[in-house]
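Comments concern the structure below.
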Amino acid sequence: MKNAPEFFLVISPSQAVSSYVSYLKGYVKRAIGHSFEGESSKAHISILKYRDPHTESLLYEIDARVSKLKPFHVHVKGLGVFHHGENRTIYLEIVNKSYLCNLAEEITGESIIPHITIAKNLDPDDFTKVWRSLKNISYSDYFKCDRITVLRKNMRRWESHVELPFS
């Protein structure tokens, strides 16, 4: 199973939201003075990561479920923090989580906490340096969710594989 192809299902936000996330990632790097986990990842909302020894058999099942779904708008607003012991992850908050939670339940049968990661697993010193100025950021935007983007791991990089459109 270890050599089976690895897939990652994500929701890709609009170009405007993606650009803002890139800007915030750059701000974090300048504030802490070094690279950090998640720095180079593109903006996304994670739905499911899995290995499929039958290459794409699960994708056919997922596509059948996704093709019955109706598009919806995702509202992002402000920043939040996940706590992992002493370390912290800064993310862009999703206001209307229920649509994305229902989507994940429909596809995976499991629940998710929808968010767009800015900086992952920051140690306490780095988090303190950057959070002082980020915590009061006022940001709000919407984007239309009408598809799932499927990425496939190629060596150590995720590459776009296929789009699964909603009805």
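The values are calculated or read from the model by the stated rules, or taken from the named source; none is laboratory data. Quick caveat: nothing in here was measured; it's all calculated off a predicted structure. A quick note on method: Cβ atoms are made from the backbone with ideal geometry, for glycine too, and the neighbour counts reach across all protein chains shown. When the accessible area is computed, the model is the full protein with side chains, heavy atoms only, and any ligands, DNA or RNA have been set aside. Shrake-Rupley method; radii C 1.70, N 1.55, O 1.52, S 1.80 Å.
Spread over its residues, the convex hull of the C-alpha atoms of region 98-167 is 156 Å³ per residue. Only protein heavy atoms count here; under a 1.4 Å probe, PHE143 has an accessible surface of about 10 Å². In region 22-131, taking the dipole from charged Cβ atoms about the Cα centre, the farthest positive-side position among HIS73, LEU122, TYR91 is held by HIS73. For region 1-71, the share of accessible area belonging to carbon and sulfur comes to 52 percent (1.4 Å probe, ligands and nucleic acids excluded). In the context of the full set of protein chains, residues of region 1-124 present 53 Å² of accessible surface per residue (probe radius 1.4 Å, heavy atoms only).
Highest mean packing comes first when the peptides 10-21, 79-90 are listed by Cβ atoms within 10 Å, giving 10-21, 79-90.
With viscosity set to 0.890 mPa s at 25 °C, what whole-number translational diffusion coefficient in µm²/s follows for the chain from Stokes-Einstein and a Kirkwood radius over Cα pairs? In µm²/s, the coefficient rounds to 145. Normalising the average separation of contacting C-alpha pairs (under 8 angstrom, six or more residues apart) by the number of residues puts the relative contact order of the chain at 33 percent.
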